[in-house]
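Data first, discussion second: the structure below is written as structure tokens.
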Amino acid sequence: MRWQLPAPRCLFFALSKFLHHLMAHYIDYHDHLSVLHVAPTQPPGQRQMQQIAHIYIDGRFVAPHGTELFDLHDPTTGDVFGQVRLGDVHDARAAIAAAKRAFPAWSRSSKADRIDLLRRLHQAMDARKDALRDAIILEYGAPIARATWMAGHAASSFLDAAHALQGFDLTQPIGTAEVIMEPVGVVGLITPWNSNAGFICNKLAYALAAGCTAVIKPSEMSAAQTHVVLEALHAAGAPAGLFNIVNGRGDVVGAEITENPDIAKISFTGSTAVGKAIVRAAADTLKRVTLELGGKSPTIILDDADFAKAMPIALEAGFANSGQACVAGTRILIPASRFDEAIAAVRNALKTIVAGNPRDPATTIGPMVSQAQYDRVQRYIRLGIEAGATLVAGGEGHPDGLGGYFVKPTIFANVTNDMRISREEIFGPVLCLLTYEDEAEAISIANDTPYGLQAYVISASVDRAAAVAKRIEAGRVVINGAPHDPAAPFGGFKQSGIGRDYGVFGLQAYLEPKALLGAQSA
């Protein structure tokens, strides 16, 4: 999932120039608000323009110091439906100062107080989930089933964090010491456009559970979703300054958060390129970092699998979130001995893959988020053709009858693992079919990637699938289409990131252990 970071100050001039150039041009793969709420089903010509003119600092909606206006697009048509006024460095510093003021009291809050707030936040988000779903469809183009899940996930994140905190001992006797798990400090949370509300809520939930306060820089491309989240979070009645949200560019607001010495930790979801830049920029103040970055996930279909059942699972994993997912299973590994059978199964499974109106329940693939992302995916489709891969489905251009930023669901066969379409994250509905001779080669191909975020194994035998899964270099391996588990850690090996989100591991990411020696009585 994504983001664009800002130009640092003169201590590291060369790094600052690099960051400014990289983040200004990188397309991420991540008073009352004066917004006109417009039903997404209205024809574009009848819509009133939404104007999002405030940010959230110290418990209040405030007009930003920044004056830049950023257009918001409906990706199904490409039309502009609104604008957001972006914050600047001044706004970022004000938000950081508010979070710093709120930290001492919140860091000393009890577990019961934190859990109570998390439950209130859940209730407030749950009450707004229909509005959030509509904003996701309008602004991001997610199919309604996916948008509904995304809105529910945003709300449930707070209960998930409360559950993790409830069962976690913040004070533990270890050896002769008393170990206290203390909040790391003020945290900067930077979220991508491919699941903006979910990332805001999940990161914030675990930060608050740990006793941290937060400054959030969401994707400026997701301002309508952020607005709904803000309304809900404000309604929960949290103490002022616990969370502060500044719409803004990565190369302005994001860079200030990354460099500011009052920020103790960064949690970023987005591209590997930007994640590396954040690590470099955060090094001067030794910020803690959690990075959930890119992926090129393999799906291994073992030779004992029933292809009629396996291929729909594989395509669902690959086309998830319209292909705009870091966990998408975009490399499908099939036994060479069953190649023809696999192609037939792909063609059959494709009958249920539908690109179209996101509000139609039959739609499984929505548009790309932007013109730039559409162009990126088209470029990779051309690269696949030029490399000699065989088009099984899809190709360049729009699906029949669709415009906007829609891409044809595309599948290539006869792909080798040295092709760019097999090695680079495309972030769109483009899948690759690769063949292997035996199980050992399948594992070798699966691990032959700089990424290691998620993987998938499909087999008639759970025991056999689990044995293969244990040899895959990835933070999560999904066996036979198992569902998401919010208690299980999520994060990447290799260049897919540092640290983990979700559950106890996600909570610990915002805590520092302090050992008191001699505090234990004899």
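Bear in mind that the values in this text are calculations on the coordinates, not laboratory data. Note that the structure is predicted; figures quoted are calculated from it, not measured. Cβ: placed from backbone, ideal geometry, glycine included. Neighbour counts: every protein chain shown.
So the values come out like this:
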{"item": "Highest to lowest packing among 207-213, 444-450, scored as the average C-beta count within 10 Å", "result": "207-213, 444-450"}
{"item": "Two-decimal ratio, the chain, of alpha-carbon radius of gyration to 2.2 N^0.38 Å", "result": "0.96"}
{"item": "Under 5 Å, built H, 5+ apart or other chain: amide partners of Ile216", "result": "Leu189, Asn244, Ile245, Val246"}
{"item": "Distant-in-sequence amide H partners of Leu333 (H built 1.01 Å from N, under 5 Å)", "result": "Thr299, Ile300, Ile301, Leu434"}
{"item": "Hull-based mean projected area of the stretch 298-491, where the convex hull spans the alpha carbons, in square nanometres", "result": "10.6 nm²"}
{"item": "Computed Kirkwood radius, in angstrom, where 1/r is averaged over Cα pairs of the stretch 199-278", "result": "13.5 Å"}
{"item": "Length-normalised contact order for the stretch 298-491 - Cα pairs under 8 Å, 6+ apart - percent", "result": "26 percent"}
{"item": "Sparsely packed chymotrypsin sites (Phe, Trp or Tyr not before Pro) within the stretch 360-447, loop by DSSP, other Cβ within 10 Å at most 12", "result": "none"}
{"item": "Likely footprinting exposure, Val84, Val215, fewest C-beta neighbours within 10 Å first", "result": "Val84, Val215"}
{"item": "Helix-only [θ]222 nm of the chain, DSSP H runs n ≥ 4, -39500 (n - 2.57) each, per residue, nearest 500", "result": "-12000 deg cm²/dmol"}
{"item": "Radius 13 Å from Cβ of Asp88, net charge of other residues (Lys, Arg +1; Asp, Glu -1)", "result": "-1"}
